[in-house]
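The structure under discussion appears below in the form of structure tokens.
The values are calculated or read from the model by the stated rules, or taken from the named source; none is laboratory data. Model, not experiment: these values are computed from the prediction. All Cβ positions, even for glycine, are placed from backbone atoms using ideal geometry, and neighbour counts span all protein chains on display. For accessibility, only protein heavy atoms count, side chains too; no ligands or nucleic acids. Shrake-Rupley method; radii C 1.70, N 1.55, O 1.52, S 1.80 Å.
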Amino acid sequence: MKNKIFIFLVAISPNLFSQIGVGTTKPHTDLDINGTTNVSKEIRLNGTDAKIGAAGKQGDLISGNALNNNFWKNFDLPEGFLEGMVLTGSYVNSTINGVSFPGQDKSSEFAVAYNKGQAMASHWKELSDLNQKIKIVKSVNLVTVSVQTLVQTDNQNSSFACGIYLDDKLDFVRLGTVNTGAGNYRTLNLNATLLNMGLGEHTIKFACAERNIPIGTTLNIGKPIITTNLNNEMAKTSSVILVLEKP
């Protein structure tokens with residue numbers, strides 16, 4: 001009778017101990033833990049019957065590849081990583097498709113004050129190639145928007161406005177003037193910082209508007225009027241959007 005019991009145990013032991021479950025009766029791997037794991041010393045990876053696995057060095061993180069081989073890797077993270085903001089999105093755009101404003105001499109209507117959060121008025125024109133969707137996943141965040149473009153007049157002194165629109169609402173605006181002279185131009189730089197945007201998807205747009213352009217004068221933004229001193233490449237508009245979030 002004792003011999004029979006011994007033989008039975010030996011026969012079933014591979015099934016009992018081939019997989020170990022902690023907190024689960026149905027382990028799916030050699031060691032399946034359903035619960036909190038507390039490791040007080042080191043974790044070693046890629047050990048074999050002949051050698052002990054590697055424990056990694058200070059600052060290393062566990063990485064993996066398509067072959068399901070986990071290993072320690074140093075990512076050379078910057079000082080203060082996870083203590084401050086982390087870059088989670090970067091978008092770079094440019095376009096030679098600018099906008100043109102034939103003067104309407106409507107300064108009494110167009111040269112007005114702008115308020116944050118106002119909708120885009122009909123006389124504003126988007127540089128739609130720069131429209132960019134971003135996604136925010138952390139409540140503490142910072143988004144920087146930098147735009148550079150070129151403005152040129154073909155005749156008289158002209159004034160304009162350019163702004164950053166967040167979800168079709170004005171968030172940041174700058175004014176400018178180009179002095180009298182056929183072909184006169186200036187560079188415009190906008191640098192905006194958007195703080196703690198709501199979670200989810202947002203759309204950022206760049207648009208410009210006439211403020212005071214005399215009849216008979218045309219103002220171009222992001223494209224040349226007089227090509228003897230400018231071309232499309234020189235006058236194009238570029239934008240950089242960086243999304244930083246606190247982990």
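Take the convex hull of the alpha carbons in the chain; its mean projected area over all directions comes to 22.5 nm². Starting from one equal scatterer on each C-alpha and no solvent at all, send me the Debye-based log10 I(q)/I(0) for the stretch 163-211 at q = 0.18, 0.27 Å⁻¹, two decimals. Taking Cα atoms of the stretch 163-211 as identical point scatterers yields -0.68, -1.13. For SER238 and VAL86, a Förster radius of 25 Å and the Cβ-Cβ distance give a FRET efficiency of 0.50, rounded to the nearest 0.05.
As a rough guide to protection, the peptides 231-242, 117-128, 146-157 ranked by mean Cβ packing within 10 Å, highest first, stand as 146-157, 231-242, 117-128. Here the relative contact order of the chain, from alpha carbon pairs under 8 Å that lie six or more residues apart, stands at 26 percent. Computed as a quarter of the hull surface, the mean projected area of the alpha carbon convex hull for the stretch 105-229 stands at 7.8 nm². With the convex hull constructed from alpha-carbon coordinates only, the stretch 86-178 shows a mean projected area of 7.3 nm² over all directions. As a calculated quantity, the FRET efficiency between SER18 and LYS138 at R0 = 30 Å, using C-beta atoms, amounts to about 0.10. In square angstrom, rounded to the nearest 10, how much accessible surface does LYS57 have for a 1.4 Å probe? Using a 1.4 Å probe on the heavy atoms, I get roughly 150 Å². Among the protein heavy atoms of the stretch 101-170, carbon and sulfur supply 44% of the accessible surface, probe 1.4 Å, non-protein parts ignored. Looking at the chain, the accessible area is 63 square angstrom per residue; that uses a 1.4 Å probe and ignores ligands, DNA and RNA. Per-residue SASA remark: ARG174, around 110 Å² accessible (1.4 Å probe; ligands, DNA and RNA not included).
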